[in-house]
Amino acid sequence: MSVVVEGKNIIRDYHIPGSLLRPAKTVRAVKGISFSVERGKTLAIVGESGSGKSTLARIIALIDQSSGGELKIEGKPIDIAKQKPSRDMRSKVQMVFQNPYGSLNPRQKIGDVLMEPLLLNTDIPAAERRRRAEEMLVKVGLPAEHFNRYPHMFSGGQRQRIAIARALMLNPTLLVLDEPVSALDLSVQAQVLNLLRDLQEEFNLAYVFISHDLSVVRYIADDVLVMNKGEAVEQGTREELFAAPKHPYTRELFAATPITDVEAIRERVARRKAMRAAAV
Amino acid sequence: MAILTIRNLTVRFATSTGSFTAVDGIDVRVDKGEVLAIVGESGSGKSVSMLAAMGLLPDTATVTADEMTFDGKDLLRMSPKERRKIIGREITMIFQEPIASLNPSFTTGYQIEEVLRYNAGLSKKAARARALELFRQVGIPDPEEKLKAYPHQMSGGQCQRVMIAMAIATGPRLLIADEPTTALDVTIQKQILDLLMELQEKSGMALILITHDMGVVAETADRVQVQYKGKKMEEADVLSLFEAPKHPYTRALLSALPENATGDRLPTVASFLEGEVNR
């Protein structure tokens, strides 16, 4: 088993500049998190807003710098604060964002969207770029004829497929997915989750999957990291975590997640009936 | 007994490419003291049908219905003046984006007092006292201070509590909540849903909960109406719907829930409706 990405004690501070009446302060958004993801595996990072999960995602995706700790991609330490990552390194890690309406340029045809990573990072000739882009469109479940269409001609689910296709153009080993299905309808969400599973198998991809939705995490993750206020409060395999959550915050998350279990509904309906009868 | 009855509601929007039917012959009935969930995905017309009942749609919308009555009063044929006595007083509504629903330029206290003075007819002083009482009732911490706060100084969950306080200020008999927890974290969602249910149980008002989330439906509704592309697919009490969904679309929605996954792949709605979805 080869480890694709490894983080040791990752820290991120944000500096809030002071003003006349307010002293400057430092907010530690990520407070020393360690993790590792192997090829073909999915690490889900779960947390609520303000937990630092997206900050961590952007550090792993080499978009933002960390303030401390060590990040290794395929065994090589990398710190974008000190050194610009090589094209090769950039190609290995790609990101998919939450909002497929915001992450595609409305003026760019989707064929160009898909070819751009190749244009910027490789010396592949134009005809080959086009061939690969068309091939990738088909892989994510869109017809190659859609090559010349603009993003507004696609639904949210189709756009997310395009964003995933773009992320895969450079044959990455790691995809960082920041809430990739949160903006999608349930039926479309199922399709995109299925697609992500298929692609993971085909390309032996490692996923870092950011989500607030425990039912999605349970479906897709191998390992889970629960974040709260910048700290990893619990880490473990999916089976361990879902069978016996240890940390109080994890338990709170579980308790707050609505469930569609028929027995639970039956109990609730009976409670409501009893209460009404008592009120009359 | 029904408090709101809508029969054969159709809403069309005039667009540059012709008319678009957002709601296509929908019936809605909610009884006194009942919690009705209207569930559907985007484009199902779930919000539009309720905005039509509230009279909040823009001029480009054409609303027709065989019947639209609130507590026996005909909403279709009453004058706008009469309608305003009902809307915002007896029927109130809260929306998905709590921070955007509030006016950023005024304090939350000013905004709730406005409701109390114009819709509940209270004096300035009485409105202030009642506002504080309502803030306490909906569980806003430090209510005296929060009355003086602007929306941007409060969290999303707190803003939704303010919206709920405003919505129950007039003692409505029907509260329509349009995706009230969709923009909120799951632990906050639970608090807000618990609050809505508690208020509903105490006051006996009817509640229409518009949502896309089957989990929210399971934890709140008495009765459920499933909509798809402007049409009603199925209507059932909550237990029957989850226990034995009748319509293929409902079955598809339930099996698309990741927690119901059997094996490696999630069944998709498309596989049930043979390519009807996401064309």
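Any read-out appearing in this document is the output of simple, stated calculations on the displayed coordinates, not a laboratory observation. Since the model is a prediction, treat every value here as computed from it, not as a measurement. Don't worry about glycine lacking a Cβ; one is built from the backbone with ideal geometry, like all the others, and counts go over all protein chains shown.
Within region A:218-228, not a single residue is under 26 Å from B:Ala244 (Cα atoms) and more than 9 Å from chain B (Cβ to nearest Cβ). In the set (1) away from every other protein chain (no Cβ under 14 Å); (2) assigned to a loop (DSSP other than H, G, I, E, B); (3) in contact (Cβ under 8 Å) with a residue 12 or more places away in the chain, the condition left unmet by A:Gly111 is number (2). Residues that are surrounded by fewer than 20 Cβ atoms within 10 Å (Cβ to Cβ) and among the charged types (D, E, K, R) do not occur anywhere in region A:171-178. Scan region A:261-280 and give yes if some residue there is surrounded by fewer than 14 Cβ atoms within 10 Å (Cβ to Cβ), hydrophobic (A, V, I, L, M, F, W, C), within 12 Å of another protein chain (Cβ to nearest Cβ) and assigned to a loop (DSSP other than H, G, I, E, B), otherwise no. Yes; the residues of region A:261-280 include at least one that is surrounded by fewer than 14 Cβ atoms within 10 Å (Cβ to Cβ), hydrophobic (A, V, I, L, M, F, W, C), within 12 Å of another protein chain (Cβ to nearest Cβ) and assigned to a loop (DSSP other than H, G, I, E, B). Please determine whether any residue of region A:218-229 is more than 30 Å from A:Asp13 (Cβ to Cβ), touching a residue at least 60 places away in the same chain (Cβ under 8 Å) and surrounded by 20 or more Cβ atoms within 10 Å (Cβ to Cβ). Yes: region A:218-229 contains one or more residues that are more than 30 Å from A:Asp13 (Cβ to Cβ), touching a residue at least 60 places away in the same chain (Cβ under 8 Å) and surrounded by 20 or more Cβ atoms within 10 Å (Cβ to Cβ). Quickly run through region B:81-120 and pick out the residues that are among the acidic types (Asp, Glu) and part of a loop (DSSP other than H, G, I, E, B). Once the filter is applied, which keeps residues that are among the acidic types (Asp, Glu) and part of a loop (DSSP other than H, G, I, E, B), region B:81-120 yields B:Glu90, B:Glu97.
Of the strands (runs of 3 or more DSSP E) entirely within region B:121-240, those holding at least 2 residues that are free of Cβ contacts under 8 Å to residues at least 24 places away in the same chain and within 14 Å of chain A (Cβ to nearest Cβ) occupy B:231-237. Reported count of residues in region B:31-58, each being in contact with a helix residue (DSSP H, G or I) (Cβ under 9 Å, 6 or more places away or on another chain), surrounded by fewer than 24 Cβ atoms within 10 Å (Cβ to Cβ) and aliphatic (A, V, I, L, M), is 2. Scanning region A:206-259 for residues that are hydroxyl-bearing (Ser, Thr, Tyr) and out of contact with any Leu (no Cβ under 6 Å at 6 or more places or on another chain) gives A:Ser211, A:Ser215, A:Tyr219, A:Thr237, A:Tyr249, A:Thr250.
Contact map, region B:243-261: residues that are within 11 Å of chain A (Cβ to nearest Cβ) and free of Cβ contacts under 8 Å to residues at least 40 places away in the same chain paired with residues that are assigned to a loop (DSSP other than H, G, I, E, B) and β-branched (Val, Ile, Thr), Cβ distance under 8 Å, separation 6+ or inter-chain. Pairs shown: B:Ala252/B:Thr268; B:Ala256/B:Thr268; B:Glu259/A:Ile259; B:Glu259/A:Thr260; B:Asn260/A:Thr260.
Would it be correct to say that A:Leu205 is farther than 26 Å from A:Gly50 by Cα and within 11 Å of chain B (Cβ to nearest Cβ)?
no
Just to be sure before I move on: is A:Ser51 crowded, with 17+ Cβ neighbours inside 10 Å and in a loop (DSSP other than H, G, I, E, B) in the structure I sent? Spelling it out, A:Ser51 is indeed crowded, with 17+ Cβ neighbours inside 10 Å and in a loop (DSSP other than H, G, I, E, B). Within region B:79-100, the set of residues being of a type in the set (Ser, Thr, Tyr) and surrounded by fewer than 19 Cβ atoms within 10 Å (Cβ to Cβ) comprises B:Ser79 only.
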